[in-house]
Amino acid sequence: MKIFDMNWMQVEEYLQRDDRAVVPLGSTEQHAYLSLGVDSILSERVAVEAAEPLGVPVFPALVYGLTPYFREYPGTISLRVETYMRLIRDILDGVAQSGFRRVVIVNGHGGNSPADALATEWMADHPDVQVKFHNWWNAPRTWAMVQEIDPAGSHASWMENFPWTRLADVTLPTEQKKVPDRTGMARLVGKRLRAFYGDGNFLGYYQRDDAEMLALWKVAVEETRELIEKGWD
């Protein structure tokens, strides 16, 4: 359930019987023909659907993250690493002060990975709180299904194209996006990245059959739910 659908008294009552909470992390960045909010939409939705049967509250997604490489695409907003680390620390401080002691961070953006290290450092200073960091899209079972469907997929390709991330009246290319292999090459950032990737799809088809995508989503939700439900000391 969304914590926005609760008042403080209901949260206090919940904490008398359970101490789990979920915090989604997202981003606001280019996703080719898809919504700029893909990472935030998906991280919050998978968290809410996973937590709902368990009755565990889900905080709203942090919709800004670390995405400096995409800043040449209009609409992309990137926080500085220092700013982001302070935000994550403050969020964890607030969650802990409320009384939550088991926290799952559901991350929807690869660039947010420094938050995982921060969460580990934070736990060392708060030994009474457990934090799990979950990249929902490349968790073992979810990623295995992605590879089974089509190994040619990446940022802004079919694997992020769900009915709730695509935009009305936007026509997507039908061909498979192919780019030269850059293994061992220097990282692309800003104008160089935009010149190389063009529309922003890194690799693969832009869309696949919705039946495949909904089956993939089901696996992602179940895998996230299992992480929320089990594995606590």
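The values are calculated or read from the model by the stated rules, or taken from the named source; none is laboratory data. Worth saying up front: this structure is predicted, and the values here are computed from it rather than measured. Every residue, glycine as well, gets a Cβ built from its backbone with ideal geometry; the counts of neighbours run over all protein chains shown.
Selection over the stretch 120-157 of residues that are of a type outside the set (D, E, K, R) and over 17 Å from Ser27 (Cβ atoms) gives a count of 21. Checked against (1) under 30 Å from Ala21 (Cβ atoms); (2) free of Cβ contacts under 8 Å to residues at least 40 places away in the same chain, Val179 meets all criteria but (1). Screening the stretch 138-170 for residues that are among the aromatic types (Phe, Trp, Tyr) and outside any loop (DSSP other than H, G, I, E, B) and picking the one that is nearest to the chain's Cα centre (by Cα) gives Trp143. Based on this model, can you work out whether Ser35 counts as within 25 Å of Tyr205 (Cβ to Cβ), surrounded by 14 or more Cβ atoms within 10 Å (Cβ to Cβ) and touching a strand residue (DSSP E or B) at 6+ places or on another chain (Cβ under 7 Å)? No.
Which pairs have Cβ atoms under 8 Å, sit 6 or more apart or on different chains, and link a residue in the stretch 74-98 that is touching a residue at least 60 places away in the same chain (Cβ under 8 Å) to one that is in a helix (DSSP H, G or I) and surrounded by fewer than 17 Cβ atoms within 10 Å (Cβ to Cβ)? Close Cβ pairs satisfying both conditions: Ser98/Val11. In the stretch 10-27, the residues that are polar (S, T, N, Q) reach residues that are part of a helix (DSSP H, G or I) and surrounded by fewer than 24 Cβ atoms within 10 Å (Cβ to Cβ) with C-beta atoms within less than 8 angstrom, at least six apart or across chains, in these pairs: Ser27/Gly111. Whether a residue is surrounded by 13 or more Cβ atoms within 10 Å (Cβ to Cβ), touching a helix residue (DSSP H, G or I) at 6+ places or on another chain (Cβ under 7 Å) and either at pLDDT below 95 or hydrophobic (A, V, I, L, M, F, W, C) (or both) was assessed, and Val131 passes this test. Restricting the stretch 192-233 to residues that are assigned to a loop (DSSP other than H, G, I, E, B), hydrophobic (A, V, I, L, M, F, W, C) and surrounded by 15 or more Cβ atoms within 10 Å (Cβ to Cβ) leaves a set whose member that is farthest from the chain's Cα centre (by Cα) is Leu203.
Of everything listed in (1) under 23 Å from Thr224 (Cβ atoms); (2) part of a helix (DSSP H, G or I), the single unmet condition for Val56 is (2). Inclusion of Arg17 among residues that are among the basic types (Lys, Arg) and part of a helix (DSSP H, G or I) is not warranted.
Filtering Phe4, Phe59, Phe70 for residues that are over 17 Å from His134 (Cβ atoms), of a type outside the set (Val, Ile, Thr) and buried (at least 19 other Cβ atoms within 10 Å of the Cβ) leaves a single hit, Phe70. Against the conditions (1) farther than 21 Å from Ala215 by Cβ; (2) surrounded by 13 or more Cβ atoms within 10 Å (Cβ to Cβ); (3) out of contact with any Phe, Trp or Tyr (no Cβ under 8 Å at 6 or more places or on another chain), Asp125 satisfies every one except (2). Considering the stretch 99-112, and only residues there that are assigned to a loop (DSSP other than H, G, I, E, B) and farther than 30 Å from Asp210 by Cβ, the residue that is farthest from the chain's Cα centre (by Cα) turns out to be Gly99. Among residues that are surrounded by fewer than 17 Cβ atoms within 10 Å (Cβ to Cβ), β-branched (Val, Ile, Thr) and on the phi < 0 side of the Ramachandran plot, Thr142 is not included.
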